[in-house]
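**Student:** Can you read through this structure? Questions will come right after.
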Amino acid sequence: MSIDFSCRSFGKWILAGEHAVLRGVPAIVFPIQSRNLELNYSKGPQDLQLTLIGDHGKDLQLLVWGVLEKACALKKISRHDLKGHLLLESSIPVGAGMGASAALCVALTRWLGYLGYVDASEYYEFARDLENLFHGESSGVDIAVALSGEGLRFIRNGERKPIITAWKPNWYISYSGKRGVTVDAVNKVKDLILQNPELGEKIDNQMKEAVALSEQALKLDDKEGFPLLVKAIEQAGNCFEQWNLNEGDPAQHIQWLRDSGAKAVKTTGSGGGGYVLSLWDKEPPKEIQQKLIPC
Ligand SMILES: C[C@@](O)(CCO)CC(=O)[O-]
C-alpha cells in the first residue's frame, strides 16, 4: 500500500508553569522526541479503515473515533466522506500526562488539513477544539508543543516562542507509578483557590517565579545555570506539594529519585500521578537509568 500522507507529533513534558498557565502564567514545555505518534495515510475507495500499532497504538482505539466524530461535527462533514486507510503508530502512553491526546488531535488535524478540510492557519485552534473533548479546560500547551515539535515558552491565548537552551542539562522523566487524571488535578487546584484565594494566588506566583528562574538558568552556561535550575525545579515542585498533588506513589517515587542522587525533582504535567522530572549533576547510576527517559 503506498503512503499518500504522513506526519509525526510528539509527547511533552513541562519544566515549569503547570496549572498557573491556566491563569495566564507562562509555561516552559518541551517535546519528548522518543515518545511520538506517527500517522500514515493511504488513499482508497473504502470507508475509513484504522490500524493501530506501536507500544501504545492500541490505547488510542476509542479516542480516535471520538476525535474524528468531533472533527466531522466541527467541519460539518459526514464520516462516510472520509475514505482510505489510516495507520497510527504511537509510543506515547495514554493517561500518563505525556500529552497523548494532544498528539493525536494534532496528527488528525494535519491529516484533515491534507484532505483539504482544515486550513494550516487554523491548525492550532482546531486541534485545541478537538482536545477539549478530553479536558474540561485546557490551556493549549500540549497542543502547542505537539504541533511545533520544539521547546516553547507558552502563554495561554498568547505567545508561543521557541526556547533557546545554552546548555544540555542531565534531566530525565520517569513514571510515578500512578495514572494522572488531568481534569481531577485541575479541579483540585481550582477547589483550593476557591477555598483559599490568597494561598492560591501565592502558589501561582511562586510558579511564575520558577518559570522566570528556569528561563534564566537555561540561558546561562552550565556552571552558573545548574544551581539556578535546581532552585527553579525545586520551587516549581513545591507548588505541587502545596496543591496536594504528590500524595501516595508520586511522593514515594520523588523520594526514591532524591535518595538515588537526583539534585532536583518535580512532578511534571498535571500531577496527582503521571511523570516526574529529575535533574542530575552527572549521569545517573546504570540501574536507575533503566527507569528514566532522557528529556
Ligand atoms: C495542568 C495543565 O496546566 C498542564 C497539563 O499538561 C493543564 C493545561 O495547561 O491544560
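**Student:** Would you check which residues across region 4-15 are of a type in the set (A, V, I, L, M) and within 11 Å of the ligand (Cβ to nearest atom) and list them? Quick ask: steps written out before the conclusion?
**Tutor:** Going through region 4-15, the residues of a type in the set (A, V, I, L, M) turn out to be 14-15.
Scanning region 4-15 gives a single hit, Ile14.
**Student:** Can you run down the residue pairs with Cβ atoms below 9 Å, 6 or more apart or on separate chains, where the first is in region 126-152 and in the same structural domain as Val29 (by TED's automatic domain parsing) and the partner is in a loop (DSSP other than H, G, I, E, B) and of a type in the set (A, V, I, L, M)?
**Tutor:** The qualifying pairs are Phe126/Val118; Ala127/Val118; Ser139/Ile155; Asp142/Met98; Glu150/Ile163; Gly151/Ile163; Gly151/Ile164; Leu152/Ile163.
For (1) under 12 Å from Leu108 (Cβ atoms); (2) modelled with pLDDT under 95; (3) in contact with a Lys or Arg (Cβ under 7 Å, 6 or more places away or on another chain), each residue gets a yes or a no:
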| position | (1), (2), (3) |
| --- | --- |
| Asp47 | no, yes, yes |
| Ile53 | no, no, no |
| Gly57 | no, yes, no |
| Leu62 | no, yes, no |
| Gly66 | yes, yes, no |
| Lys70 | yes, yes, no |
| Ser78 | no, yes, no |
| Asp81 | no, yes, no |
| Gly84 | no, no, yes |
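**Student:** While we're here: Checking the conditions here, which among Gly140, Gly237 is closer than 30 Å to Leu74 by Cβ, of a type in the set (Gly, Ala, Ser) and crowded, with 19+ Cβ neighbours inside 10 Å?
**Tutor:** On the way: Gly237 fails: closer than 30 Å to Leu74 by Cβ.
Every option except Gly140 fails the conditions.
**Student:** Name the residue that is nearest to the chain's Cα centre (by Cα), counting only residues in region 17-36 that are within 11 Å of the ligand (Cβ to nearest atom) and buried (at least 22 other Cβ atoms within 10 Å of the Cβ). Before you say what the answer is, go through the steps one by one.
**Tutor:** Looking only at region 17-36, we keep the residues that are within 11 Å of the ligand (Cβ to nearest atom), and these are 17-23, 25, 27, 29.
Checking the rest, the ones that are also buried (at least 22 other Cβ atoms within 10 Å of the Cβ) come to 17-21, 25, 27, 29.
Details: Gly17: 12, Glu18: 10, His19: 12, Ala20: 15, Val21: 13, Val25: 17, Ala27: 11, Val29: 7 Å.
Per the criteria, the residue is Val29.
**Student:** Would region 128-135 turn up any residue that is in a loop (DSSP other than H, G, I, E, B), closer than 30 Å to Ser174 by Cα and at pLDDT 90 or above? Please lay out each step first, then the result.
**Tutor:** The initial filter retains those residues of region 128-135 that are in a loop (DSSP other than H, G, I, E, B), namely 132-135.
Imposing the further condition that a residue be closer than 30 Å to Ser174 by Cα reduces the set to 132-135.
Right, trim to at pLDDT 90 or above and you get none.
No, the conditions are met nowhere in region 128-135.
**Student:** Of the residues Asp59, Asp142, which is assigned to a helix (DSSP H, G or I), within 30 Å of Glu283 (Cβ to Cβ) and not hydrophobic (A, V, I, L, M, F, W, C)? Lay out the reasoning, then the answer.
**Tutor:** Values: Asp59 fails: within 30 Å of Glu283 (Cβ to Cβ).
Going through Asp59, Asp142 in turn, just one is assigned to a helix (DSSP H, G or I), within 30 Å of Glu283 (Cβ to Cβ) and not hydrophobic (A, V, I, L, M, F, W, C): Asp142.
**Student:** Inside region 182-295, counting only helices (runs of 4 or more DSSP H) that do not spill past its ends, which hold 3 or more residues that are touching a residue at least 40 places away in the same chain (Cβ under 8 Å)?
**Tutor:** Values: elements: 182-195, 197-219, 222-242, 249-259, 286-289.
Per the criteria, 182-195, 197-219, 222-242, 249-259.
**Student:** Let me ask something else. Give me the pairs: first residue in region 8-28 and among the hydroxyl-bearing types (Ser, Thr, Tyr), second residue more than 7 Å from the ligand (Cβ to nearest atom) and in a loop (DSSP other than H, G, I, E, B), beta-carbon distance under 6 Å, and six or more apart or on different chains, which are they?
**Tutor:** Note: no pairs meet the criteria.
The values are calculated or read from the model by the stated rules, or taken from the named source; none is laboratory data. What you are looking at is a predicted structure, and each value in this text was computed from that prediction instead of being measured. Neighbour counts run over all protein chains shown; Cβ positions are idealised from the backbone, glycine included.
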